[in-house]
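Okay, structure first, notes after.
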Amino acid sequence: MKILVPVKRVVDYNVKVRVKSDGTGVDIANVKMSMNPFDEIAAEEAVRLKEAGVAAEVVVVSAGVTQCQETLRTALAIGADRAILIESNEDLQPLAVAKLLKALVDKEQPQLVILGKQAIDDDSNQTGQMLAALAGLPQATFASRVAIVDEGGQKRATVAREVDGGAETLTLTLPAVVTTDLRLNEPRYVTLPNIMKAKKKPLETIKPEDLGVDVAPRLKTLKVAEPPKRSAGVMVPDVQTLVEKLKTEAKVL
Ligand code: AMP
C-alpha cells in the first residue's frame, strides 16, 4: 500500500508575524519557515503505518517555492521514502493545491492520502476536502486515530474523529483521504543520522504544467490588518466591586 502525504512549508509556529505596512499581507521575509505541524503528524502517521508493515511506501509532496525542498527533506528524515516537489512561485491557494494533488493521485495511485487538517498560515482547512471531492474519494477529516483493516482482501480505514460531545468512528473503503487532528500522534524528533540518510533519498521536481494544472489564484486579498490592541485591565479590590462593575460598567450581569 502506498501513502501520499502532502506537506506545506509555512511560517514557524513560534514566529510572531507582522502585517506589512501597506496592508497587502504579512511580512515573511527572513522569518523561520517549518513544516506545517499538522503535516508532521500526517508524515508521522504514514511512517508508523509503514513501520507496522501496513504500508509499503510513503511518498511526500510539497507545492511551492524551491525552498520547500527543505520541508520535504524533513519529511524524508521522519521516514518517508521519496519526495516530489511541485515547484511554483505562484501564490498557491487551496483549490490550486487540491487540483495539483488530484493530478498526482491519478499518477501515483496511492491507497491513502494523509493531509494536515489545516495549514497554520492561511487556516483554510480546505485542501483535503477539495481533493476528496475532485478525486471522488471518501474522506475522514480531523482524525484522532487511524487503523487499516483487511476484510477478506478489501482494505478499509477505520478513523476516529473528535466531534462536539464525543467521538465518531468512520469506516472508509480505500483509496481514501484522511486529514489529521492534533491528538493523532506525537511526531518523533528527527535525528542527525536520519537527516543525513534523508539527503540521499530521491527528490523529484516537477512543474504544475507537467500535471496539466492551471494554478492561477482565484481569490484576491483585499486587505490584511492587525487585530485591535487589547486595552489594559484594571485591578479591583474585592469581589463585591467586581460584581458592581460587571453590572454597571460592563453591563454583562
Ligand atoms: P489548508 O487547506 O491550506 O488549511 O491546508 C490543509 C492541508 O493541505 C495541509 O495541512 C497540507 O497537508 C495540505 N497542503 C496545503 N497547501 C499545501 C502545499 N502548498 N503543498 C503541500 N501540501 C499542502
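No lab work stands behind these numbers, since they all come straight from the coordinates. Note that the coordinates shown come from a computational prediction; the quantities given were computed from them, not determined experimentally. FYI the Cβ positions are ideal-geometry reconstructions off the backbone, even for glycines, and counts take in every protein chain you see.
Taking the stretch 23-41 as the range and being in contact with a Ser or Thr (Cβ under 9 Å, 6 or more places away or on another chain) and part of a helix (DSSP H, G or I) as the test, the residues that pass are F38, D39, E40, I41. Being part of a loop (DSSP other than H, G, I, E, B) and charged (D, E, K, R) is a description that applies to D214.
K99: more than 26 Å from A56 (Cβ to Cβ) and more than 8 Å from the ligand (Cβ to nearest atom), yes or no?
Values: more than 26 Å from A56 (Cβ to Cβ): yes; more than 8 Å from the ligand (Cβ to nearest atom): yes.
So K99 passes the test.
Restricted to the stretch 42-70, and to residues there that are touching an Asp or Glu at 6+ places or on another chain (Cβ under 8 Å) and β-branched (V, I, T), the residue that is surrounded by the fewest Cβ atoms within 10 Å (Cβ to Cβ) is T66.
Any residue at all in the stretch 120-128 that's closer than 25 Å to V11 by Cα, among the β-branched types (V, I, T) and touching a strand residue (DSSP E or B) at 6+ places or on another chain (Cβ under 8 Å)? Among the residues of the stretch 120-128, at least one is closer than 25 Å to V11 by Cα, among the β-branched types (V, I, T) and touching a strand residue (DSSP E or B) at 6+ places or on another chain (Cβ under 8 Å), which makes the answer yes. Checked against the criterion of being in contact with a Leu (Cβ under 7 Å, 6 or more places away or on another chain), within 11 Å of the ligand (Cβ to nearest atom) and touching a residue at least 12 places away in the same chain (Cβ under 8 Å), the candidates L174, L112, L131 yield just one match: L131.
Only a single criterion out of (1) in contact (Cβ under 8 Å) with a residue 24 or more places away in the chain; (2) surrounded by fewer than 16 Cβ atoms within 10 Å (Cβ to Cβ); (3) among the acidic types (D, E); (4) more than 15 Å from the ligand (Cβ to nearest atom) is not satisfied by D22, namely (1). Answer with yes or no whether L137 is within 12 Å of the ligand (Cβ to nearest atom) and either closer than 23 Å to I206 by Cβ or surrounded by 22 or more Cβ atoms within 10 Å (Cβ to Cβ) (or both). No; evaluated as a whole, the condition is false for this residue.
Figure legend. Inter-residue proximity from the stretch 56-70: first residues under 21 Å from E45 (Cβ atoms) and touching a residue at least 40 places away in the same chain (Cβ under 8 Å), second residues in a strand (DSSP E or B) and among the hydroxyl-bearing types (S, T, Y), beta-carbon distance below 8 Å, spacing 6+ or different chains. Indicated pairs: C68/S62.
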